[in-house]
1. Would you kindly state how much longer the chain becomes between Ala188 and Thr505 on full extension, computed as 0.36 nm times their sequence separation minus their alpha carbon distance, in nm to one decimal?
2. What spacing in nm lies between the two simple spin-label points modelled at Ala247 and Glu160, each 7 Å away from Cα in the Cβ direction?
3. Can you work out the FRET efficiency for the pair His532 and Tyr138, with r the C-beta to C-beta distance and R0 = 22 Å, to the nearest 0.05?
4. Test of understanding: what is the full-extension gain from Ser100 to Leu386, defined as 0.36 nm times their sequence separation minus their Cα-Cα distance?
5. Any idea which of Phe396, Leu442, Thr422 is furthest toward the positive side of the dipole for the stretch 378-445, if Lys and Arg beta-carbons carry +1 and Asp and Glu beta-carbons -1?
6. Can you compute the modelled spin-label distance between Ser109 and Cys419, with each label point 7 Å from Cα toward Cβ, in nm?
7. Residues of the stretch 271-312 with backbone nitrogen within less than 19 Å of a virtual label 7 Å along the Cα-to-Cβ line of Glu437, please, listed as ranges.
8. Quick one: Karplus J couplings for the stretch 506-522, per residue in order, coefficients 6.51, -1.76, 1.60, θ = phi - 60°, nearest Hz, x for Gly and Pro?
Amino acid sequence: MSDRPANADRVSVASPTRSRGLDERLDRGPDQVLEPPIFEKGSSGRCGIDGGPRRDSGKAGAALPPEGLLADGLALDGSPPEGLPADGLALAGSPLEGLSADDLPLDDSLLRDDLETFPELSEPEVLRHYLRLSKLNYSAASNFYPLGSCTMKYNPPANEAAAALPGFSSIHPYAPESTVQGALKLIAGLESCLCELSGLDAVSLQPAAGAQGELAGIKIIRAYHCDRGAARSKILIPESAHGTNPASATLSGYACVVVPCNERGIISASTVKDLLDDEVAALMVTNPSTLGLFEEEIESIADLVHEAGGLLYMDGANMNALMGVAKPGHMGADVLQFNLHKTFSTPHGGGGPGAGPVAVRGDLEKYLPLPRLRHGDDGFFWDYDLPDSIGRVRSFYGNFAILVRAYAYLLACGGDGLCEVTRMAVLAANYLRARLEDSYHLPYPARSMHEVVFSDKLQNSFGVKTLDVAKRLLDYGFHAPTIYFPLVVHGALMIEPTETESLETLDAFADAMIAIAEEARSDGESLLAAPHATPLARLDETRAARSPKLVWRPAG
Ligand SMILES: Cc1ncc(COP(=O)(O)O)c(C=O)c1O
């Protein structure tokens, strides 16, 4: 670094904060410079390595330090005190006194000779660099995060505090059941809350993600059919399903048959009826769908599937649009997974831990992952004697800390609070839909549930695409919505505002989106080059994927 102050490392690497404290004391006048706590009267003022007085200074009446000499051994002018080596390594009174760096017994094998091109930085420079980088992080805590299908809402820190309580965070999964009855009671309480919300009869909290809950659910469906004589071979999946649905069905050995949506973006009973036969194990439906639409014909569809001997799997990751208002079990669902990390106070995304509890109707309980929590004369215990179970899907009993957060959230909201959450989430999505529908093409005009999906059709005529809109939003200070998903909408912009945003925030986002639509008409070129205000301009994503630079190398 050519533009660093010449003495930056000598002065500041050693003790930048002390230097600042020193400046303050100097401002108060020379008399106070030598006042306690830096110097004890009667001490020499030069400190030992532990900050105490040097060994030979304990005598009463020992001289104060020479003018300008400070507690940390630095002189005011930055020069080393008399008797100390020039590199300042050996503090007076320390076992290193009198030694220089050359005297230190470092083995040659520990020394590097390839540091020539390494940057030389002082401590504050490094600190500022990382602090600046940390400010580039974007999170739901720092700003609006309308990433559709991810429910990036505000998660109250109170629930983090609950999960961090030592009684929860310090227990070991192998602790005897009698010593963790409180934790087991929490698991039982959460199970019954989720049964209530889903309208189903039993739930296992073991799966560690939504997709794992799906996998467990489809394995349960397979076990059910196997018990009845044949596993069957197909699962029907609407084209508006979440992408993990076909993955879970395929991993469980099923062929996926796509159910097309009608002109309103939902699946119709007549289409499902045409696809049903005695090879169909289940219909796996995301409801509300990834189009943010409620499957209005779900009850008659459930009847048709059941008549054909199949089961109805409902992906319940979008419970933010249903909880407290409608129960999937009442719509005919037999199996459902929750995403606790979307709906119930754990952030989604970033590859962090999740929880995807799987809920089933009563006669399917015997297939749930083992062990199952039971209550007997001695309190709660784990039951491993479940011959029909699909087995474990994860070690121990699930991601326990996420269960604690979810339970704390459920209890804090209560039934009325959860209804309110749902209503506000749906209202926010419809508000944005109403504000943006003149500026962006709405492929399916039906009322939205928790999210709304637009397309870039209106912008295409000016040569502007979804990616350009998303990149430009970064300049306006917003995280982009989910783009190009669901696949059923060409150039999709999928916006999920959630219930925790204020009207001001929703308006600010809508204003930015409308301004971008206007720019597309008037200043398309600039839009194509966005973002302009971020540290990095638009990446060549193809090159980034093909030749990633994953390690730093010195220049040249
Ligand atoms: C509707 C839906 N289903 C399933 C999943 C998969 O959940 P996970 O990412 O926890 O595997 C998601 C995730 O966003 C989702 O939105």
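1. Working: separation 317, 0.36 × 317 = 114.12 nm, distance 3.81 nm.
This chain segment gains 110.3 nm when fully extended.
2. Taking the simple label geometry, Ala247 and Glu160 are separated by 2.7 nm.
3. For His532 and Tyr138, the calculated efficiency is 0.85.
4. So the extension gain works out to 95.9 nm.
5. Leu442
6. Each label point is offset 7 Å from its Cα along the Cβ direction, giving 7.2 nm.
7. 289-296
8. With the stated coefficients, the stretch 506-522 comes to 4, 5, 4, 5, 4, 4, 5, 4, 5, 4, 5, 4, 5, 4, 4, 6, 9 Hz.
Computed from the coordinates by the stated procedures, all read-outs in this text should not be read as laboratory data. Keep in mind that what you see is a predicted model, and the values were worked out from it rather than measured. Backbone-built Cβ (ideal geometry, glycine too); neighbour counts: all protein chains shown.
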